[in-house]
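Okay, so here's the structure we're looking at.
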């Protein structure tokens, strides 16, 4: 059984990946401040010696590097810290991987395609470091990620929707910014397939084909739970980034359209999937 080490396994995305991948692989999760599961190992992404010690002790076949700050506003307000986490942390992980012979799967973002802010720039720099992984690399580029995770406390867009449902509070969401959403379960499926087929040296965007807004997502999910959603125009000038599905087709990877992922997410919520 292949061994995977997930950095940032307590995060919103990392926790879902940990939950899904441990069904088929020997998975070790790491955390820094929030120990979501008792078996996780502490690892500071800014401490190379500590990173190397942890990776060397686990001796994974693949390192799934999820650690990073995805908040664009935070990155703009804290550029030095953003570089330290998103860039330097990635370089530390890749250097340790090269010392131990591990392959690297790097969680990037579609924001790295044509960076317009510090967040996108740091993710693009992280991609450059990831490509230095000697044993092999995969770069994954999701868009805005939605779907259920064991971590429901992080202030991520989907967790705000969950609070609307749990607290039965009306919601107000923006209509101005358009993007191609990413279902978190889709990421797990693709990572599992890539590792099983030993497919590396690829850069893969993971989205649905359709452009949607935050309002669309809220309306289409919350309407199933009788939560009213009001549209508002925030005049969000974030550039629209359109990616195609050619790489998913080329590599015979799972593909979903927008309605597919909405149906899956609603079923997960209704079934109490991953929720205590």
Query raised in the report: Does the range 49-58 contain any residue that is touching a residue at least 24 places away in the same chain (Cβ under 8 Å), touching a helix residue (DSSP H, G or I) at 6+ places or on another chain (Cβ under 9 Å) and not in a helix (DSSP H, G or I)?
Result: no
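With the structure loaded, tell me whether residue 205 is surrounded by fewer than 22 Cβ atoms within 10 Å (Cβ to Cβ) and in contact (Cβ under 8 Å) with a residue 24 or more places away in the chain or whether it fails that test. It would help to see each step written out before you state the result.
Values: surrounded by fewer than 22 Cβ atoms within 10 Å (Cβ to Cβ): no; in contact (Cβ under 8 Å) with a residue 24 or more places away in the chain: yes.
When the stated conditions are applied, residue 205 does not pass them.
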Query raised in the report: How many of the residues in the range 149-160 are surrounded by fewer than 24 Cβ atoms within 10 Å (Cβ to Cβ) and touching a helix residue (DSSP H, G or I) at 6+ places or on another chain (Cβ under 6 Å)?
Result: 5
Requested in this report: From (1) in a loop (DSSP other than H, G, I, E, B); (2) crowded, with 24+ Cβ neighbours inside 10 Å; (3) modelled with pLDDT of 95 or more, pick out the condition that doesn't hold for residue 68.
Outcome: (3)
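Scanning the range 247-276 for residues that are loosely packed, with under 11 Cβ neighbours inside 10 Å and at pLDDT 95 or above, which turns out nearest to residue 193 (Cα to Cα)?
The first filter runs over the range 247-276 and keeps only residues loosely packed, with under 11 Cβ neighbours inside 10 Å, leaving 249-250, 252, 270-272, 276.
When the remaining residues are screened for being at pLDDT 95 or above, the result is 249-250, 252.
Details: 249: 13, 250: 13, 252: 9 Å.
Among residues in the range 247-276 that are loosely packed, with under 11 Cβ neighbours inside 10 Å and at pLDDT 95 or above, the one nearest to residue 193 (Cα to Cα) is 252.
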Query - Cβ-Cβ under 7 Å pairs, at least 6 apart or on other chains, the range 168-185 side free of Cβ contacts under 8 Å to residues at least 60 places away in the same chain and at negative phi, far side part of a loop (DSSP other than H, G, I, E, B) and surrounded by fewer than 17 Cβ atoms within 10 Å (Cβ to Cβ) - result: 175/233
Query raised in the report: What number of residues within the range 230-276 satisfy the criterion of being touching a helix residue (DSSP H, G or I) at 6+ places or on another chain (Cβ under 7 Å), assigned to a loop (DSSP other than H, G, I, E, B) and within 20 Å of residue 142 (Cα to Cα)?
Result: 6
**Report entry** All positions within the range 99-131 that are touching a helix residue (DSSP H, G or I) at 6+ places or on another chain (Cβ under 8 Å), under 14 Å from residue 89 (Cα atoms) and surrounded by fewer than 23 Cβ atoms within 10 Å (Cβ to Cβ)
**Finding:** 124, 125, 127, 129
Query raised in the report: With (1) at pLDDT 95 or above; (2) out of contact with any helix residue (DSSP H, G or I) (no Cβ under 9 Å at 6 or more places or on another chain) as the list, and residue 35 as the residue in question, which single condition is left unmet?
Result: (1)
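The values are calculated or read from the model by the stated rules, or taken from the named source; none is laboratory data. None of the values given here were measured: they were computed from a predicted structure. In this analysis, Cβ positions are derived from the backbone assuming ideal geometry, glycine residues included, and neighbour counts consider all displayed protein chains.
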